[in-house]
Amino acid sequence: MFKEYRKKLNLTQEALADKADLNTRTIQRIENEEEIPSLETLSKLVNALEIKDKDLIEYIKGFSKQK
């Protein structure tokens with residue numbers, strides 16, 4: 001989800017990292033599903049990417065399906 005939103009905004013990973021006040025490597029790990037974002041990181045990404053509520057809810061629901 002994050003990668004799609006980032007690309008829609010024509011942002012590089014580095015530009016998103018700057019906009020969200022995160023490390024570029026963190027963005028890479030999240031986009032590659034190597035890391036689940038903390039609530040703080042998730043909040044920063046949602047704000048920086050202007051993620052829609054319905055998409056965020058679907059993203060979060062995905063974690064309950066993995067159990």
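Bear in mind these aren't lab numbers, they're just calculated from the coordinates by the rules spelled out. All of these numbers come straight from a predicted model, not from anything done at the bench. As a convention, Cβ positions derive from the backbone with ideal geometry for all residues, glycine included, and neighbour counts pool all protein chains shown.
Data for the structure
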item	result
In order through region 44-57: 3J(HN,Hα) via Karplus (6.51 cos²θ - 1.76 cosθ + 1.60), integer Hz, x for Gly, Pro	5, 5, 4, 5, 5, 9, 6, 5, 5, 4, 5, 5, 5, 4
Model label zone, ASP21; criterion: amide N under 18 Å from point 7 Å along Cα-to-beta-carbon; scope region 32-60	38-51
Normalised alpha carbon radius of gyration of region 2-65 [divisor 2.2 N^0.38 Å]	1.03
Residue-averaged [θ]222 nm for the chain, counting only DSSP H segments that reach four residues, each worth -39500 (n - 2.57)	-20000 deg cm²/dmol
Region 35-67 residues near the modelled GLU14 label - backbone nitrogen below 20 Å, point 7 Å along Cα→Cβ	49
In sequence order, calculated HN-Hα J values of region 9-26 (Karplus, 6.51, -1.76, 1.60; Hz; x Gly/Pro)	8, 6, 9, 7, 4, 5, 5, 5, 4, 5, 5, 8, 6, 10, 7, 4, 4, 4
GNM result for the chain, Cα springs below 10 Å: residue of LYS54, LYS44, LYS19 fluctuating most strongly	LYS54
